[in-house]
């Protein structure tokens, strides 16, 4: 199973409220993913959804991660790239991940402001994904 598939499975188990049945397996998977990420010297994956999901789940489970993982999604001026607005799933994950910020993490604070603005713009659309409205009304954290 690919790491992204494993992360999505863990996320689904958490959302369903049954993750406690698989605590050991979840810990093993997240430890492996964290170890692989910290040992890998290759460029970071530039997929906002996968990066934010990985960050959120690892940090939620006590792993120490740097907010710098999101620097590849910023433009030259230090703001988030406007092209990210087209990735609703990625915006939702970044929004949820931003709630796991530690005091002084300006990138995650900026991420929350950026995602709220663009997710609220999407929620005005009559065809808006109900997940967007639900996330804005009641985030996971």
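The values are calculated or read from the model by the stated rules, or taken from the named source; none is laboratory data. Predicted, not measured: the structure shown is a model, and the values here were computed from it. Note: ideal-geometry Cβ built from the backbone for every residue, glycine included; neighbour counts use all protein chains shown.
Scanning the stretch 1-15 for residues that are at pLDDT below 95 and loosely packed, with under 15 Cβ neighbours inside 10 Å, which turns out nearest to residue 91 (Cα to Cα)? Looking at residues that are at pLDDT below 95 and loosely packed, with under 15 Cβ neighbours inside 10 Å, I get 15.
Considering each residue of the stretch 76-92 in turn, at least one proves to be in contact with a strand residue (DSSP E or B) (Cβ under 8 Å, 6 or more places away or on another chain) and either more than 18 Å from residue 131 (Cβ to Cβ) or in contact (Cβ under 8 Å) with a residue 40 or more places away in the chain (or both). Confirm whether residue 71 is part of a helix (DSSP H, G or I) and either exposed (fewer than 13 other Cβ atoms within 10 Å of the Cβ) or in contact (Cβ under 8 Å) with a residue 24 or more places away in the chain (or both). Spelling it out, residue 71 is indeed part of a helix (DSSP H, G or I) and either exposed (fewer than 13 other Cβ atoms within 10 Å of the Cβ) or in contact (Cβ under 8 Å) with a residue 24 or more places away in the chain (or both).
Are any of the residues in the stretch 47-57 part of a helix (DSSP H, G or I) and either out of contact with any helix residue (DSSP H, G or I) (no Cβ under 7 Å at 6 or more places or on another chain) or at positive phi (or both)? Scanning the stretch 47-57 turns up no residue that is part of a helix (DSSP H, G or I) and either out of contact with any helix residue (DSSP H, G or I) (no Cβ under 7 Å at 6 or more places or on another chain) or at positive phi (or both).
For the residues 116, 102, the requirement of being at pLDDT 85 or above, surrounded by fewer than 12 Cβ atoms within 10 Å (Cβ to Cβ) and either in contact with a strand residue (DSSP E or B) (Cβ under 8 Å, 6 or more places away or on another chain) or under 30 Å from residue 17 (Cα atoms) (or both) singles out 102.
Screening residue 79 against (1) over 16 Å from residue 48 (Cβ atoms); (2) more than 14 Å from the chain's Cα centre (by Cα); (3) modelled with pLDDT of 95 or more leaves a single unmet condition, (1).
For beta carbons closer than 7 Å, sequence separation of 6+ or different chains, a first residue in the stretch 107-118 that is over 14 Å from residue 48 (Cβ atoms) and a second that is surrounded by fewer than 21 Cβ atoms within 10 Å (Cβ to Cβ), the qualifying pairs are 109/101. So is residue 63 at pLDDT 95 or above, in contact with a helix residue (DSSP H, G or I) (Cβ under 9 Å, 6 or more places away or on another chain) and not in a helix (DSSP H, G or I) or not? Judged against the criteria, residue 63 is a match.
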